[in-house]
1. If I take every Cα pair under 8 Å that is 6 or more residues apart in the chain, average their sequence separation and divide by the length, what percent do I get for the relative contact order?
2. When the chain is treated as a GNM, springs tying every alpha-carbon pair under 10 Å, which of LEU31, LEU11, LEU22 comes out with the largest mean-square fluctuation?
3. Using the beta-carbon distance between TYR29 and ALA101 and R0 = 41 Å, what value does 1/(1 + (r/R0)^6) give for FRET efficiency, to the nearest 0.05?
4. Suppose we take every Cα in the chain and form the convex hull; what volume per residue is that in Å³?
5. GNM, the chain, Cα, under 10 Å: largest mean-square fluctuation among ILE14, ILE70, ILE87?
6. Given the options VAL67, VAL26, VAL41, which has the most mean-square fluctuation in a GNM of the chain, springs set between C-alpha atoms less than 10 angstrom apart?
7. Under 1.5 on a/c is rounded, so check that first for the range 48-104, then, if it is not, pick prolate when a/b is larger than b/c and oblate when it is not; a ≥ b ≥ c are the square roots of the alpha carbon gyration tensor eigenvalues.
8. Report, in order of residue number, the helices in the chain meeting two criteria: a C-alpha extent of 27 Å or more along the helix axis, and a mean Kyte-Doolittle hydropathy of at least 0.5; treat each whole DSSP H run as one helix.
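Just so you know, all these numbers are worked out from the coordinates, no wet-lab data involved. Computed from a prediction, not measured in an experiment: that's the story for all the values here. Heads up, the Cβs are rebuilt from the backbone with ideal geometry, glycines too, and the neighbour counts pull from every protein chain shown.
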Amino acid sequence: MINEPLTHGALIGILAMAGATLMTRVAGYWLMGHIPLTRRVRRCLEILPGAIMAATIVPIVAKVGPVALIAVIVAAGSMMIRRNEFIAVGLAVAAASFARAYGL
């Protein structure tokens, strides 16, 4: 393992990524300040988190297989019951571990 201090190139890269992240957030707030919130826009904004979650989870489940599907189902069930992300993640990891241990 290399124990070198942070190089200038790495620091510039980190600062550039932080700046890009900040600019996208600021630009998003600025842009939404200029768009009238009609019923259609409001509905699109309401369903956006679910669409992002589906777009993130489906490829993972397709690649990993039944273990990921079990973990997602356990996490979703936990969120419906407890509404606590930490518990949901812990239970999903435990479910995936048990599924792997028992041959899935």
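1. On the way: 36 pairs, mean separation 18.6, N = 104.
Value for the chain: 18 percent.
2. Its mean-square fluctuation being the largest, the pick is LEU11.
3. Details: r = 46 Å, r/R0 = 1.12.
E(calc), rounded to 0.05, equals 0.35.
4. 187 Å³
5. Evaluated over the chain, the most mobile residue of the options is ILE14.
6. Residue with maximal mean-square fluctuation among VAL67, VAL26, VAL41: VAL26.
7. oblate
8. Within the chain the helices that satisfy the rule are 8-32, 39-64.
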